[in-house]
Amino acid sequence: MANLVSKRVSTDRQSTDRQNLVLAEAGIEDPVVFEEEAGTSTRSSARSSANC
């Protein structure tokens, strides 16, 4: 069975590196990426995740 994944970041200054790390830590080898979308915004949010 294939492991289908979608990776996305919010800004063009971010990468999918953390998502790749989590997949590796979960033991998911050779995931099939059906979508990998770069961010469309050039600014990052001033809000912290605690405020969301």
Along the Cα→Cβ direction, 7 angstrom out, place labels at Val32 and Gln14. What is the inter-label distance in nm? 2.6
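When only the heavy atoms of the protein chains count and the probe is 1.4 Å, how do Arg18, Arg13 rank by accessible area, highest first?
On the way: Arg18 150, Arg13 170 Å².
Accessible-area ranking of Arg18, Arg13, largest first: Arg13, Arg18.
The values are calculated or read from the model by the stated rules, or taken from the named source; none is laboratory data. These figures come from a predicted structure and were not determined experimentally. Cβ: placed from backbone, ideal geometry, glycine included. Neighbour counts: every protein chain shown. These area figures cover heavy atoms from the full protein model, side chains too; ligands, DNA and RNA do not enter into them. Shrake-Rupley method; radii C 1.70, N 1.55, O 1.52, S 1.80 Å.
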